[in-house]
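For reference, the structure discussed in these notes is given below.
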Amino acid sequence: MSLYSIIDIETTGGSVRTDKITEIAIYITNGTNIVDKFVSLIDPECLIPYQITALTGITNQMVQGAPKFYEVARKIVEITEDTVFVAHNASFDYSFVKREFERLGYRYKRETLCTVKLSRKLIPGYKSYSLGNLCNNIGIQINNRHRAEGDVAATTELFHLLLEKDKSSFEGKFISGFSLKGLNPILDIEKVKNLPQKCGVYYFYDSDDNLIYIGKSKNIRKRVYSHFNNDKTQRALRMKSEIVQIGYEITGNELIALLLESEEIKKNKPCYNRAQRRTIHQYGLYYYYDEHNYLRFKIDKNSTNTDLPLTSYSSKKMGFEHLAYWCKELELCEKLCGLYETAGACFYHGIGECKGACIGLENSVSYNVRAKKLLSTYSYDQDDMLIVLSGKCEDELATVLIKNGKYVGFGYFEKSVLNNIDLVIDSINSYSDNKDVQQILRTYVKTKNDFKIIELR
């Protein structure tokens, strides 16, 4: 059963950068009953402004002798552990609590829910959603308004009401984060809620333990939730109803998630990954040198080539359009790029946009200088290199090995051995090289900047 920390704080002002907490109240609820609580004044170690005292009733004398934040920090961590942080205008309360912990050198992190946002979705139509006005409109009494425990008691009652409304009218979608409608009754909802919010690959299994779908995401839990909220197609509804178990593997970075997903789909062939099992990009950009040593390009079917393409396209038309763009950009000959068939000069030579490589007027050395610019756009800067990325934890790094321009595999190693290339290479596990993997690698290296390259030659 999920636990929620309903939290309210009072502060010396509205600036999270300069103001401090003067009081905190925490009610722990299982969604029906309060199972624990913690309430305390806090010495902010600074003066409380007069206007704040007028609002809250908390005076400088009241907080003298009260514990300082560091004295209650451990209790706050322990009582809220494995709970969802709930507050009315959660961003305010959460940012102040986080900031107090930051001053102590501690990273406080909890999943949050805001009862203001939930109220707007679940009980719409009110003019004001401030705690006082909303509670007055729906019949919740607030005792001791603008004191932490008075406000947190009212927020807890409001949250219980919202939880019930969400379950009865919306299949739990707004508070759980996903719709319970259509899910397999065997699926453990608590395990779903405990999925990591980290980058990696996730796996869906049916009741016979068959692997039916593999996906990747920078936030595994968020992506799984999106599957459960997808009611747009019969296929999505059918898959959702069949899921009874979810597995995952944290990768620490997006590149390895992409590579692992591609490998796993090809190896396991899940029934709901039909599109990914095939090469989605059916046409590729290939190059070769002709008998006169001109560097030439062509768009061809990936399935008919043993070589790996420089890049791939979902259609032949898209490939031709892209190559035509490069021809114009680099003043390449469309005949030598397979875009114009003729025995003589190409059309663009006739209008002065081709320098005449098609009929030998421009020599191969001069022509290839420009053609190689296109080649370099889709080639690795080094044929032998390690791509180093973030690992699965703070003391770890990940690496992908490219050797002779081919993908070898990936692995993880301790940061302390980064300067020992042999140990780094020993961490590599071998995986298959193929057109899809090369597409992933080239696109990532050209478009991302969250990695470091180590040249091996």
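The values are calculated or read from the model by the stated rules, or taken from the named source; none is laboratory data. The structure displayed is predicted, hence computed values, not measured ones. Positions of Cβ are generated from backbone atoms using ideal geometry, with glycine treated the same way; all protein chains shown enter the neighbour counts.
Looking at the structure I just gave you, is Lys335 more than 26 Å from Tyr283 (Cα to Cα) and of a type in the set (Lys, Arg)? Spell out the reasoning first.
Details: more than 26 Å from Tyr283 (Cα to Cα): no; of a type in the set (Lys, Arg): yes.
No.
How about the range 203-236: which of its residues are crowded, with 18+ Cβ neighbours inside 10 Å and touching a His at 6+ places or on another chain (Cβ under 9 Å)?
Within the range 203-236, Phe204, Tyr213, Gly215 qualify.
Taking Leu47 as meeting all but one of (1) surrounded by 13 or more Cβ atoms within 10 Å (Cβ to Cβ); (2) modelled with pLDDT of 95 or more, write down the number of the exception.
(1)
Please indicate, with yes or no, whether at least one residue in the range 249-262 is outside the structural domain of Tyr444 (by TED's automatic domain parsing), touching a strand residue (DSSP E or B) at 6+ places or on another chain (Cβ under 7 Å), over 29 Å from Arg442 (Cα atoms) and charged (D, E, K, R).
no
Those residues that are part of a loop (DSSP other than H, G, I, E, B) and at positive phi, I need them from the range 384-410; list them, please.
So the first thing to find is which residues in the range 384-410 are part of a loop (DSSP other than H, G, I, E, B), and the list is 384, 391-395, 404-405.
Result: Asn404, Gly405.
Any idea how many residues of the range 208-239 are under 21 Å from the mean Cα position of the chain (by Cα) and either charged (D, E, K, R) or under 18 Å from Glu264 (Cα atoms) (or both)?
Result for the range 208-239: 11.
Taking the range 329-383 as the region of interest, how many residues are closer than 30 Å to Ile440 by Cβ, at pLDDT below 90 and assigned to a loop (DSSP other than H, G, I, E, B)?
6
Based on what the data block shows, is Gly344 in contact (Cβ under 8 Å) with a residue 60 or more places away in the chain and surrounded by fewer than 14 Cβ atoms within 10 Å (Cβ to Cβ)? Walk me through it before giving the result.
Working: in contact (Cβ under 8 Å) with a residue 60 or more places away in the chain: no; surrounded by fewer than 14 Cβ atoms within 10 Å (Cβ to Cβ): yes.
Judged against the criteria, Gly344 is not a match.
The rows are residues; the columns are (1) over 24 Å from Gln197 (Cα atoms); (2) at pLDDT 95 or above.
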residue: Thr12; (1), (2): yes, yes
residue: Ala25; (1), (2): yes, yes
residue: Phe38; (1), (2): yes, yes
residue: Tyr70; (1), (2): yes, yes
residue: Glu78; (1), (2): no, yes
residue: Arg110; (1), (2): no, no
residue: Cys114; (1), (2): no, yes
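Determine which single condition Asn419 fails, assuming it passes every other condition in (1) of a type outside the set (Val, Ile, Thr); (2) in contact (Cβ under 8 Å) with a residue 12 or more places away in the chain; (3) not in a helix (DSSP H, G or I).
In the conditions (1) of a type outside the set (Val, Ile, Thr); (2) in contact (Cβ under 8 Å) with a residue 12 or more places away in the chain; (3) not in a helix (DSSP H, G or I), Asn419 misses (2) alone.
So which of Tyr313, Tyr272 is under 29 Å from the mean Cα position of the chain (by Cα), crowded, with 18+ Cβ neighbours inside 10 Å and not assigned by TED's automatic domain parsing to the domain that holds Tyr203?
Values: Tyr272 fails: not assigned by TED's automatic domain parsing to the domain that holds Tyr203.
Matching residue, one of Tyr313, Tyr272: Tyr313.
Any residue in the range 425-450 that is within 13 Å of Asn253 (Cβ to Cβ) sitting within a Cβ distance under 6 Å of a residue that is assigned to a helix (DSSP H, G or I)? List the pairs, counting only those 6 or more apart or interchain.
Ile440/Leu258; Tyr444/Leu255
Could you tell me which residue of the range 358-403 is surrounded by the fewest Cβ atoms within 10 Å (Cβ to Cβ), considering only residues that are among the small types (Gly, Ala, Ser) and within 33 Å of the chain's Cα centre (by Cα)?
In the first step, residues of the range 358-403 are kept if they are among the small types (Gly, Ala, Ser); the result is 360, 364, 366, 371, 376, 379, 390-391, 398.
Still in the running and within 33 Å of the chain's Cα centre (by Cα): 376, 379, 390-391, 398.
Numbers: Ser376: 10, Ser379: 16, Ser390: 18, Gly391: 21, Ala398: 21.
Of everything passing the filter in the range 358-403, Ser376 is surrounded by the fewest Cβ atoms within 10 Å (Cβ to Cβ).
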